[in-house]
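Here is the structure we will look at.
The values are calculated or read from the model by the stated rules, or taken from the named source; none is laboratory data. Note that the structure is predicted; figures quoted are calculated from it, not measured. Quick reminder, even Gly has a Cβ in these numbers, built from the backbone with ideal geometry, and neighbours come from all protein chains shown. Note: accessible area is taken over every heavy atom of the protein model, side chains too, but ligands, DNA and RNA are not part of it. Shrake-Rupley method; radii C 1.70, N 1.55, O 1.52, S 1.80 Å.
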Amino acid sequence: MRRTTGVCIWLYAALCAGTAAQAAIPAAERQALLNLYSSTGGSGWIQNGGWNNGNGGTGTAGSECGSSSAPPWYGVTCNGSSTHVIGINLEQNGLVGTLPDLSALTYLQTFIVSYNNYCSSSSDTNCGLGGTIPSLSALTSLQGFSIEGDEFTGSIPTLSALSQLRGFDVAGNELTGSIPSLSGLANLQGFNASNNDLSGNLPTLSGLTSLAVFDVHGNELTGSIPALSGLTSLQAFYVFSNELSGSIPALGGLTALQFFNASDNELSGSIPSLSGLTSLATFDVDSNELTGAMPALTGLTALTGIDVGGNKLTGNVPVVPNPDGLQAGGSVLCGNAFTATPDANWDAATGTSPWYLACGLSASTVDLDQHGLTGTWWNPDTSGQGFVFNVYADNVATGHGTFFAGWYTFDVSGGSGAQRWYTLQGDVYSATTSASLGIYTATDGYLAASPSPGSSQVGTATLSFSDCSTGTLVYAFDDGRAGSIPLTRLTANTTCGSSGDNGSAAANYLLSGAWYDPNHSGQGLFIDISPGITTLFGSWYTFFPSSYTASSPRQQWFVFQDSSFASTATSATGIKLGQARGGSFDAAGGVTRDDDVGTVSLSFKSCTAAMLTYSIAPNTLYSESASGTISLVRLGPAPAGCSL
């Protein structure tokens, strides 16, 4: 869901004024017109009748406003007595160049030169209207100003002197800097600065009681959304695709509000109450960091679509207020940790039945806040890649834990077939059926060596479980990759139960989890011990040795398995180290395995300390050997009951 048009930004009628009699405008105003003609390539305009001996007029003094026998200069509107220019409209008229000083046009009410951009690429020059916006401070009668869709650069000039301003539209240029103060513009009805390169904070909107449309989407704005209380005329509010943070302000009292879009930001906190927004048609806060429950939709009878996807919302979805009003497939709930409760109205609104199917949610209930979900998981259809999960039960609070996982896979389809790995992390709760996770990557490190690699979040995911042995991961990367992976536990379940760890004899299973070397953070191992089948499985997420030349991200991963690791064992030696190559991300086939590229020995000293000794032989990925010893510590707390 994105911007919905339907609210006009231009709420003035000055250009409709006619001109009945010929008279002379001041010489300074005439010169300003001539300067505009010459600085924007007037001879090449699509229409230039009357301008400077153009096709439709003589260009002589007194002809600017026209007469009973001749039209005014093209695009020029004068007052009733034809003594002052009050409007200029040269929209989409072939203007090329820059705007001159406009300060002599003190009676000007409307100025429109939008959509005069005829460049086909960013490298083209002299093909549109641009440069900096001239000062507008002298234009104290100005009501409407539009340069939308041109090539203007620089900053938006101060608007504080324009007390009559109703509509201001500078969208679709290359403007930089911050948005100037709008304080005192009591008549302002529409403000559009979308799709520029603006930065800084949003201006305060307090006192703008006439404001109907505020649109600044597609910039680089930061800070919080200002208070919106008192904006009783506000119909459309668009701030999506910026870098805004903080919480969404209270929306109470905005009874005229029809369209609200704050998606693709970094907003946090809960969604405020929507009660009383009886005109609200669409509400979009997709792709933020919002938490808590989705608010009630009671009384929102005008609502046609709501998008809260890609957040960290929990709990039950609310009752649909007007099932016949929501457009089929026009709402988004996925990317949250909602409770998967069947609801035919949400099925219709999201276009999926049941609505939670595409979200990777399950109506089955498995307590996510339990160590028992720790282990190795895979999709049998994409053998050669998979996951090792680690759940830190109750480490935040009772019933609130942390999920951490390693994902070993390959480059995207059609790529090099090189190894790639990611980590996933997020909160888990005993009372919810799914978890919202971030997907992270680390790049350009060195095997068991400094410096630490760079790391960043590259996507989001939602994880749910049907039972202790099957689950679903729905992922969405920032680069556009998206999909759903059905998961099966690869090793045996030891302690997982539908309502939490079942109290089975865990033996050395509690040594399972994530381990790393604090001296070389950004890489490490996931260990999965299954005492019931006497198996130790490990995945090692690391990088190429520093002596080996490799292109970014320099990632590689290894796996190792000991199938005779007894339930009382705490160490193993000479485990063969395996490696795979040639696969494609989340796709079947193409994987070539080498099950003997070296050996590792692993010894647990306690529930939080271990030692790994490795020896890597020259192999198909690189022709150098590597060996060493790594002192490992557990990443995070040891599970309850672990002792050694």
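Between 0 and 90 degrees, the angle of helix 27-39 with respect to the longest Cα principal axis of the chain falls at about 40 degrees.
Think of a 1.4 Å ball rolled over the protein heavy atoms: segment 429-505 then has 40 Å² of accessible area per residue. Once the 1.4 Å probe is applied to the protein heavy atoms, segment 524-588 comes out at 35 Å² accessible per residue.
Where the centroid of each part is defined by its Cα atoms, how far is segment 352-409 from segment 515-535 in Å? Distance between centres, Cα-based: 17 Å. For segment 189-264 and segment 70-121, compute the distance between their C-alpha centroids and round to whole Å. Segment 189-264 and segment 70-121 have Cα centres separated by 29 Å. Net charge of the neighbourhood of THR535, taken over other residues with C-beta under 9 Å away and scored Lys/Arg +1, Asp/Glu -1, is -2.
Residues in segment 300-388 average 33 Å² of solvent-accessible surface per residue, probe 1.4 Å, ligands and nucleic acids excluded. Taking the empirical scaling 2.2 N^0.38 Å for compact globular proteins as reference, segment 28-134 has a Cα radius of gyration ratio of 1.06.
Max-minus-min Cα coordinates of segment 215-258 on each principal axis give 29, 18, 11 Å, with the largest extent listed first. Shape class of segment 75-115 from the alpha-carbon gyration tensor: oblate, with a/c at 1.5 or above and b/c at least as large as a/b. Measuring nothing but how far apart in sequence close Cα pairs (under 8 Å, 6+ apart) lie, relative to its length, segment 403-536 scores a relative contact order of 15 percent. At 0.890 mPa s and 25 °C, plugging the Kirkwood radius over alpha-carbon pairs of segment 330-401 into Stokes-Einstein gives what diffusion coefficient in µm²/s? Translational D for this selection: 169 µm²/s.
Report in % the part of the accessible area of the chain that belongs to carbon and sulfur, leaving out ligands and nucleic acids; probe 1.4 Å. So the carbon and sulfur contribution to the accessible surface is 49 percent. Separation of segment 442-494 and segment 591-616 by C-alpha centroid, Å? Each part's Cα centre sits 21 Å from the other's. Based on Cα contacts under 8 Å between residues 6+ apart, the chain shows a relative contact order of 7 percent. Note: relative contact order over segment 325-387, using C-alpha pairs below 8 Å and six or more positions apart, is 26 percent. Count the net charge of all other residues whose Cβ sits under 13 Å from the Cβ of GLN92, scoring Lys and Arg as +1 and Asp and Glu as -1. Within the 13 Å Cβ shell, the charges total -3. Judged by the mean number of other Cβ atoms found within 10 Å, the most tightly packed of the peptides 578-584, 508-514, 612-618, 568-574 leads the ranking 508-514, 578-584, 612-618, 568-574. Give, as ranges by residue number, the residues of segment 58-95 whose backbone N falls under 15 Å from the point 7 Å along Cα→Cβ of ALA138. Inside the label zone: 85.
For GLY574, the shell of other residues with beta-carbons less than 15 Å away shows a net charge of -2, using +1 for Lys and Arg and -1 for Asp and Glu.
Taking all Cα-Cα distances within the chain, those exceeding 49 Å account for 33%.
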